[in-house]
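Working notes, beginning with the structure itself.
We did not get these values from a lab; they are worked out from the coordinates using the rules stated. If you're wondering where the values come from, they're calculated on a predicted model, not measured in any experiment. FYI the Cβ positions are ideal-geometry reconstructions off the backbone, even for glycines, and counts take in every protein chain you see.
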Amino acid sequence: MELACCRRMSLTCSSISPSSAQPGDSVPILQCSLCRFVLRLIAPALLSACVGGGECNHGEVRCDANTARTCVSSETQTVWQTEDCGKKACVVAKEAAGTTVAFCALSADPDPRCSEADIPNCAGNALVECTAGYATSTQSCEAGCLALDAYPDRCAGVTALDPQRCGPDGYVCAMARSSLYDDATLGSGLTPSGVCSEGTMPSTPGYVIYSQRCEDGSIVARTRCAQSCGLLDDCSTICQ
């Protein structure tokens with residue numbers, strides 16, 4: 001209805017031109033100019049309303065047959081991003097962060113190996129990729145699997161650089177909240193003479209304490225501490 005109204009306004013305005021103007025017609029000509037200006041401003045919005053803004057609502061997810069669909073925004077509209085699950089099962093589930101996602105899983109049922117629902121988990125010498133508690137893929141670890149508490153497990157020998165947690169190689173006490181990347185650390189405290197300084201990282205409400213070890217910028221051992229993490233005089237750390 002609004003678009004039809006604007007068309008009528010445009011027609012009325014276009015019927016008034018300088019060649020047909022008579023003395024005293026300055027007011028209609030001014031109105032015509034304003035009409036054209038307003039049309040230029042509202043035309044894009046009216047056109048967007050007419051086409052519906054795209055194929056779907058941003059963030060919408062669903063399974064169509066065995067195809068996972070996620071609504072994403074492109075430069076001009078929203079479109080469906082699709083993944084054909086083939087021999088896998090299409091699943092709609094909620095991640096720990098609260099986001100509902102559609103994805104392809106190895107089974108239509110949650111996998112007990114995904115004890116940490118949204119990160120890779122070790123299962124013997126296998127590494128299981130997990131989303132919302134469902135296994136999405138597995139791989140065999142030739143040198144064994146590193147189980148790292150509340151942190152993505154990985155195959156031994158695979159580098160996973162994490163400069164926020166690992167500076168120089170050695171032991172470190174780490175404090176983490178809900179996010180994997182929300183850590184405060186107490187390092188080995190090496191001095192120029194090579195002597196370690198003792199220290200303790202006490203438990204803080206809302207945080208979890210870990211004793212961990214780094215090699216080549218990657219975490220290779222990580223143990224959850226019940227109360228606190230202590231730095232010893234031999235540069236190692238211990239849960240207390």
Quiz item: residue 137 to residue 118: extension gain in nm, 0.36 nm per residue of separation minus the Cα-Cα distance?
Solution: 5.6 nm
Self-check item: Contour excess over end-to-end distance, with Cα ends at residue 94 and residue 158 and 0.36 nm allotted per residue
Solution: 20.1 nm
Exercise. Assuming R0 = 41 Å, can you tell me the calculated FRET efficiency for the pair residue 82 and residue 239, based on Cβ-Cβ distance, to the nearest 0.05?
Key: 0.30
Quiz item: Can you work out ³J(HN,Hα) from phi for every residue in the range 140-150, in order, using Karplus 6.51 cos²θ - 1.76 cosθ + 1.60 and θ = phi - 60°, giving whole Hz and x for Gly and Pro?
Solution: 8, 9, 4, 9, x, 10, 8, 8, 10, 4, 6
Quiz prompt | residue 204 versus residue 62: modelled label distance in nm, points set 7 Å from Cα along the beta carbon direction | solution = 4.5 nm
Exercise. Collect residues whose amide H, placed 1.01 Å from N in the peptide plane, falls under 5 Å from the amide H of residue 119; neighbours closer than 5 in sequence don't count.
Key: 130
Quiz item: Tally Lys/Arg at +1 and Asp/Glu at -1 over every other residue whose Cβ is under 10 Å from the Cβ of residue 217; what's the total?
Solution: -3
Quiz item: Whose amide H sits under 5 Å from the amide H of residue 77, counting only residues 5 or more places off or on another chain, with H placed in the peptide plane?
Solution: none
Quiz item: Magnitude of the Cβ-charge dipole of the range 61-155, K/R +1 and D/E -1, about the Cα centre, nearest 20 debye?
Solution: 220 debye
